[in-house]
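Peer 1: The structure's right below; bear with me while I get my questions together.
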Amino acid sequence: MSINVVSLFSGGGGLDLGFIAEGYNIIWAIDNNKNATETYKANIGDHIMCADINQIDISKIPHADVVIGGPPCQSFSLAGNRNVEDERGQLVWKYIHIIEQVQPKAFVFENVTGLLSAQNSQGEKIIELLKIAFKKIGYTIEQQVMNAADYGIPQRRKRVIIVGLKDAKFVFPKPTHSEDGIDLKRYVSVEEALGDLPEAIADENGVVNYSMPAQSEFQKFVRRNVAITEHFIPQMSELDEYIVRHVKPGGNYMDIPADVNSSRIRRLQRDGGHTTCYGRLAPDKPSYTINTYFNRPNVGCNIHYMENRLITVREALRLQSFPDDYKIVSSSKQGRNLIVGNAVPPMLAGVIARELKKYIKED
């Protein structure tokens, strides 16, 4: 049975890779970021178009069994200005119009947890308006905050997943992993995810080869018999190098000497908060959320668990559960990081896709 899928706001294809791994057939995709669409073509296929979704004729989108995608989430992000009525915030409604046009048997909608508390200027909750709109066009809605770490991904990444079905009620898959490992598998740690990778190199266009066999189930899952790209050491300033040398595994800005030449760090040490800032990964735990600034020590926990450097793009891809043969095509370093940090972990997408298959009946 071939289950055809339309992919919206596809980015570099993290969601798509998970569905493909479960046997789905992506027939059409769209994103407005050229770096992302070129990366998608290099890894998945030419069925993606680079265009503004507001400018296309949605009646030309092919019919599909499933529609997947997460509208850009900056408008709902807890870290942003949260202007739900800006142009990006409006894209969630475009998603609904497309669902209404394509009439799939099911859809999967992904977004940040900030969506749950976002309100419009009338004080109405966006999530409730979304549910009403989806029901109005004939779908039964189930939502859940899924933590990637609960399903074997080495990253604490919480995202809102909404699944809509025409004639059934979706039941989310139960977690397979937990922090303590009681009755479930233990969370996959950073070291289990990255421990087999060879030494990072200076040349951003260079490649390296595996220097040891896979040491964990997760490593076996992501490894391919390939030379590894994107495993270069990110540039750091003198201040960054000073910071990195002092932070312990699992630690943060509190480990940095108080005479550091940074008023921000001194303020954090005095006032607290932002506990993952200037953080070093703990080898025996999952990472925190990989964001689009993982090449900087001040935006998240991005210092390598053992070496005095920031994580490489390949290591960020690993923590997102991308396979080692995944290549990035980008005209800039930040373009690379956007593709990685904005992605849905393919392994998590696969968990959802596997469960969804039970509800998709042949015509």
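Read-outs throughout are calculated quantities, based only on the coordinates presented, and are distinct from any laboratory measurement. The structure presented is a predicted model; accordingly, all values stated were derived computationally and were not measured. Virtual Cβ from ideal backbone geometry, glycine too; neighbours counted across all protein chains shown.
Peer 1: Within straight cross-link reach of residue 60, meaning Cα distance under 28 Å, which lysines are found once same-chain residues fewer than 8 apart are removed?
Peer 2: Within reach: 34, 41, 94, 105, 131, 135, 136, 166, 357, 361.
Peer 1: Using a Förster radius of 41 Å, what is the FRET efficiency between residue 212 and residue 333 based on their Cβ-Cβ separation? Nearest 0.05, please.
Peer 2: 0.90
Peer 1: Listing 145, 299, 108, 244 from the residue with the fewest other Cβ atoms within 10 Å to the one with the most, what is the order?
Peer 2: 145, 299, 244, 108
Peer 1: What do you get for the angle between helix 126-136 and the principal long axis of the chain? Use alpha-carbon atoms, 0 to 90 degrees, nearest ten.
Peer 2: Roughly 30 degrees between the two axes.
Peer 1: How large is the convex hull of the C-alpha atoms of the chain per residue, in Å³?
Peer 2: Dividing the Cα hull volume of the chain by its residues yields 149 Å³.
Peer 1: While we're on this one: Find how many whole Å separate the alpha carbon centroid of the stretch 92-136 from the alpha carbon centroid of the stretch 300-363.
Peer 2: Each part reduced to its Cα centre gives a spacing of 24 Å.
Peer 1: Take 134, 221, 322 and order them by how many other Cβ atoms sit within 10 Å, fewest up front.
Peer 2: 221, 134, 322
Peer 1: For the stretch 195-236, max minus min Cα coordinate along each principal axis, in Å, sorted largest first?
Peer 2: 32, 20, 15
Peer 1: What is the local net charge at residue 318, summed over the other residues whose Cβ is closer than 11 Å to its Cβ (Lys, Arg +1; Asp, Glu -1)?
Peer 2: So the surrounding residues net to -3.
Peer 1: Next question, about the same structure. Give the calculated FRET efficiency between residue 238 and residue 284 to the nearest 0.05, with a Förster radius of 35 Å applied to their Cβ-Cβ distance.
Peer 2: With a Förster radius of 35 Å, E is 0.70.
Peer 1: Nearest 500 deg cm²/dmol is fine: what mean residue ellipticity at 222 nm does the chain get from its DSSP H runs of n ≥ 4 alone, each adding -39,500 (n - 2.57), divided by its residue count?
Peer 2: The per-residue figure over the chain is -7500 deg cm²/dmol.
Peer 1: Same structure, new question: Work out, step by step, the length gained on full extension between residue 119 and residue 221: first 0.36 nm times the residue separation, then minus their alpha carbon distance; give nm to one decimal.
Peer 2: Stretched out fully, the residue 119 to residue 221 stretch lengthens by 32.7 nm.
Peer 1: If packing is taken as the mean number of other Cβ atoms within 10 Å per residue, what is the order of 200-206, 300-306, 186-192, highest first?
Peer 2: So the order, starting with the most tightly packed, is 300-306, 186-192, 200-206.
Peer 1: Something else: If I take every Cα pair under 8 Å that is 6 or more residues apart in the stretch 226-312, average their sequence separation and divide by the length, what percent do I get for the relative contact order?
Peer 2: 33 percent
Peer 1: Does anything in the stretch 22-48 have its amide N under 16 Å from the 7 Å Cα→Cβ label point of residue 63, and if so which residues?
Peer 2: In the stretch 22-48, the label zone of residue 63 (backbone N under 16 Å from the point 7 Å along Cα→Cβ) covers 27-28.
Peer 1: Just subtract the alpha-carbon distance of residue 182 and residue 56 from 0.36 nm times their residue separation and send over the number in nm, one decimal.
Peer 2: Between residue 182 and residue 56, full extension yields 40.4 nm more.
Peer 1: Under a cut-off of 15 Å between alpha-carbon atoms, report the aspartates and glutamates in cross-link reach of residue 185, not counting same-chain residues fewer than 8 places apart.
Peer 2: Result set, ordered by chain and number: 150, 217, 284.
Peer 1: Next question, about the same structure. So how far, in whole Å, is the C-alpha centre of the stretch 39-67 from the one of the stretch 191-226?
Peer 2: Distance between centres, Cα-based: 32 Å.
Peer 1: Sticking with this structure for a sec: Rank the residues 91, 115 as a footprinting-exposure proxy: fewest other Cβ atoms within 10 Å of their Cβ go first.
Peer 2: Result, fewest neighbours first: 91, 115.
Peer 1: Output the peptides 308-321, 38-51, 266-279, 15-28 sorted from most to least packed, where packing is the average of other Cβ atoms within 10 Å over each peptide's residues.
Peer 2: Taking the mean over residues of other Cβ atoms within 10 Å, the ranking is 308-321, 15-28, 38-51, 266-279.
Peer 1: Here is a follow-up. Cut-off under 12 Å on the C-alpha distance; same-chain residues fewer than 8 positions from residue 327 excluded. Which aspartates and glutamates are left, in chain and number order?
Peer 2: List returned: 38, 230.
Peer 1: Please work out the FRET efficiency for the pair residue 46 and residue 270, using the Cβ-Cβ distance as r and a Förster radius of 41 Å; give the result to the nearest 0.05.
Peer 2: FRET efficiency, residue 46 to residue 270: 0.15.
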